[in-house]
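The values are calculated or read from the model by the stated rules, or taken from the named source; none is laboratory data. Just so you know, these numbers come straight off a predicted model, no measurement behind them. Positions of Cβ are backbone-derived with ideal geometry, glycine not excepted, and every protein chain shown enters the neighbour counts. These accessible areas exclude ligands, DNA and RNA; they are computed on the full protein's heavy atoms, side chains included. Shrake-Rupley method; radii C 1.70, N 1.55, O 1.52, S 1.80 Å.
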Amino acid sequence: MSGALRRGEFRVHYQPIVSAVSGQPVKAEALLRWQPAGQPLVSPNDFLAHLEASDEMADVGTWVLWQACHAAARWPGTRVAVNLSEAQFSRRNFVTTVKQVLRDTGLQPNCLELELTEAMLMTGSCYAARALRRLRAFGVRVVLDDFGTGFSNLSCLQFFPFDGLKLDRSLVQPLQRRDARSLTIVRGLVELCQRLQLEITAEGVETPVQLRTLQAMDVPLLQGYLFARPQECWTPGTTKLAEGPERVKWDSHF
């Protein structure tokens, strides 16, 4: 896949994140996709690890950031979430790059969310904390991604400044069978986020049972195939519930 960025083979798809109350999209996550010339899309599972290990990851990340901000500048009132790579975040000019992308695309800083994993923050933690504070001071939102994987160290929430947290699908999937331990863990995390004033998002929501359970626990934002799969040409107002044997009815359709 070397040179895929230069050849124009990368795409950005968007998956909406919806309000658990209204079903309306609040933001969309930008997701990298690779389509070699004349071939179908390659699964991220088959190329992301190779890309992250290459010298091109930081440049690809900057390209995704620009594409996502450019698209979101046409989404009034809807935010865009962009995943960061370690190679991208560790560049000393990263904060300057983010500010320049926002100026170039015209996107308001508070409409951009940057998602980082705990593992990315543990290396060079002092630099990471300063960078996050500079981004937040500029108005950019910062979210801790994939919470529930790895060590999920709660001290990360104490040391680093975040605006939100995303529950990993590994915590959401057991809710389908009403697993008592999982219910207790998620309830505890929701209460913790409420007390810390962190916006919490549950990802990997695939069934009406999971949806109703998360709604009952006051999880405000939801993401998953139940609502929509990632799509290349997405704009607010186009999201429809995915087809399935059980359709969820909202008070207001979207």
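Restricting attention to segment 127-141, and to residues there that are among the charged types (D, E, K, R) and assigned to a helix (DSSP H, G or I), which single residue is nearest to Gln108 (Cα to Cα)?
Arg136
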Give the number of residues within segment 194-236 that are under 14 Å from the mean Cα position of the chain (by Cα), in a strand (DSSP E or B) and of a type outside the set (Gly, Ala, Ser).
7
Out of everything in segment 48-65 that is farther than 20 Å from Lys99 by Cβ and in contact (Cβ under 8 Å) with a residue 40 or more places away in the chain, what residue ends up being most open to solvent (accessible area, probe 1.4 Å)?
His50
Would you please name the residue that is surrounded by the fewest Cβ atoms within 10 Å (Cβ to Cβ), looking only at residues in segment 66-81 that are among the aliphatic types (A, V, I, L, M), farther than 22 Å from Asp146 by Cα and within 17 Å of the chain's Cα centre (by Cα)?
Ala71
Filter segment 84-129 down to the residues that are of a type in the set (Gly, Ala, Ser) and open to solvent by 10 Å² or more (accessible area, probe 1.4 Å), then identify the one that is farthest from Leu157 (Cα to Cα).
Gly106
Looking only at segment 17-47, and only at residues there that are among the charged types (D, E, K, R) and surrounded by 16 or more Cβ atoms within 10 Å (Cβ to Cβ), the one that is farthest from the chain's Cα centre (by Cα)
Arg33
Residues in segment 142-152: is at least one under 27 Å from Cys111 (Cβ atoms), in contact with a strand residue (DSSP E or B) (Cβ under 8 Å, 6 or more places away or on another chain) and part of a loop (DSSP other than H, G, I, E, B)?
yes
For segment 39-66, give me each residue that is charged (D, E, K, R) and in a helix (DSSP H, G or I).
Asp46, Glu52, Asp59
For residues that are without any contact (Cβ under 8 Å) to a residue 12 or more places away in the chain and part of a helix (DSSP H, G or I), scanning just segment 67-105, find the one that is nearest to Cys126 (Cα to Cα).
Thr96
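Regarding Arg195, is this residue without any contact (Cβ under 8 Å) to a residue 24 or more places away in the chain and closer than 25 Å to Asn110 by Cα?
On the way: without any contact (Cβ under 8 Å) to a residue 24 or more places away in the chain: yes; closer than 25 Å to Asn110 by Cα: yes.
Taking the combined requirement at face value, the residue satisfies it.
Would you point out which residue out of Leu135, Leu175 is surrounded by 20 or more Cβ atoms within 10 Å (Cβ to Cβ), more than 21 Å from Leu192 (Cα to Cα) and modelled with pLDDT of 85 or more? So that I can check it myself, show each step before the final result.
Numbers: Leu175 fails: more than 21 Å from Leu192 (Cα to Cα).
Matching residue, one of Leu135, Leu175: Leu135.
Given the options Pro16, Pro36, name the one that is over 24 Å from Ala119 (Cα atoms) and in a strand (DSSP E or B). Before you say what the answer is, go through the steps one by one.
Working: Pro36 fails: in a strand (DSSP E or B).
Just a single option satisfies the conditions, and that option is Pro16.
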Pairs needed: first member in segment 153-172, in contact (Cβ under 8 Å) with a residue 24 or more places away in the chain and closer than 18 Å to Asn110 by Cβ; second member anywhere, among the charged types (D, E, K, R) and open to solvent by 30 Å² or more (accessible area, probe 1.4 Å); C-beta distance under 6 Å; at least 6 residues apart or different chains.
Pro161/Arg133; Pro161/Arg136; Asp163/Arg141; Gly164/Glu199
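Which of the residues that make up segment 1-47 are in contact (Cβ under 8 Å) with a residue 60 or more places away in the chain and more than 30 Å from Met217 (Cα to Cα)? Steps first, answer last, please.
Here is the first cut: in segment 1-47, the ones in contact (Cβ under 8 Å) with a residue 60 or more places away in the chain are 11-29, 31, 33.
Within segment 1-47, Arg11, Val12, Arg33 meet the criteria.
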